[in-house]
1. When both residues are 6+ apart or on different chains and their Cβ atoms are under 7 Å apart, which pairs have a first residue that lies in segment 161-179 and is without any contact (Cβ under 8 Å) to a residue 24 or more places away in the chain, and a second that is surrounded by fewer than 22 Cβ atoms within 10 Å (Cβ to Cβ) and assigned to a loop (DSSP other than H, G, I, E, B)?
2. For segment 163-177, indicate whether the set of residues that are at pLDDT below 95, farther than 16 Å from T127 by Cβ and in contact with a strand residue (DSSP E or B) (Cβ under 9 Å, 6 or more places away or on another chain) is non-empty.
3. For residues in segment 168-200 being in a loop (DSSP other than H, G, I, E, B), of a type in the set (D, E, K, R) and in contact with a helix residue (DSSP H, G or I) (Cβ under 9 Å, 6 or more places away or on another chain), which is nearest to L112 (Cα to Cα)?
4. If you check N120, N59, which single one turns out to be touching a Ser or Thr at 6+ places or on another chain (Cβ under 8 Å), at pLDDT below 95 and within 23 Å of K184 (Cβ to Cβ)?
5. Residues that are in contact with a Phe, Trp or Tyr (Cβ under 9 Å, 6 or more places away or on another chain) and surrounded by fewer than 12 Cβ atoms within 10 Å (Cβ to Cβ): does segment 161-180 have at least one?
6. Which of (1) under 22 Å from M189 (Cα atoms); (2) modelled with pLDDT under 90; (3) aliphatic (A, V, I, L, M) is the odd one out, the single condition L89 does not satisfy?
7. Taking the stated definitions as given, is K117 surrounded by 14 or more Cβ atoms within 10 Å (Cβ to Cβ) and in contact (Cβ under 8 Å) with a residue 40 or more places away in the chain?
8. Would you check if there is a residue in segment 150-158 being in contact with an Asp or Glu (Cβ under 9 Å, 6 or more places away or on another chain), of a type in the set (A, V, I, L, M) and at pLDDT below 95?
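The values are calculated or read from the model by the stated rules, or taken from the named source; none is laboratory data. Not measured: the values here are computed from a predicted model. Here Cβ is always computed from backbone atoms with ideal geometry, including for glycine, and neighbour counts include all displayed protein chains.
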Amino acid sequence: GLAIGDGVVDPMPMLGHTMADKPVFEVQNELSADHIDARFHHNLERQRQPKTEIELILNQYLNRADVQKQIHANGVDYDWLNFDVLNLLDKYDWNTPVTPWVEQLLSHCRILYYNGKIDNLIDYKSTEKFVNTLKWSGSEEFKTAKMTNWTVQGENAGNFKTGGNLTLVQVNKAGHMVPEDQPKWAFEMINKFVKNEPLM
């Protein structure tokens, strides 16, 4: 299967909307003012800190010799959480839709889309709008599926729906980096997806 977190796969249906009027824009601008000086703000509830503990641990892990051998990085001492690659892709690849490939993949494998509920970069509604435009053998089953409350160990982790090979998840209390903001819930979601088990 394929898991895509807060991803832009077709900018027009996903991002082809904007605020309707100036008063709404002014309120949004005021609310986000504290985040303007942040390194890479992606969570409306907090400013971006230099590096979180999980980012530091991940960097150390990816620089281990045994891990680098497995991912064919072989001796590259690298800051894996810098934005060089992202910035390069943004420059050349941002507006390239991959909808036909997603539709083809859905005929053969499972796809999980997930978004943080408070992501201010790629919000849940944009992803929901995108997946509802997909044309594939299970699209009607997906469109008619009901959103279900998702709990992890008694905690309200979010909502999800599944139809055919497609699952859409909205993760509560998470911004753009779901595994950073909600590691336990993200682990549960990905673990169940990899094992081909239902979320609930």
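1. K161/A145; K161/K146; K161/M147
2. no
3. Checking each candidate, the answer is E197.
4. Among N120, N59, only N120 is touching a Ser or Thr at 6+ places or on another chain (Cβ under 8 Å), at pLDDT below 95 and within 23 Å of K184 (Cβ to Cβ).
5. No, segment 161-180 has no match at all.
6. (1)
7. In short, yes.
8. No, there is no match, as no residue in segment 150-158 is in contact with an Asp or Glu (Cβ under 9 Å, 6 or more places away or on another chain), of a type in the set (A, V, I, L, M) and at pLDDT below 95.
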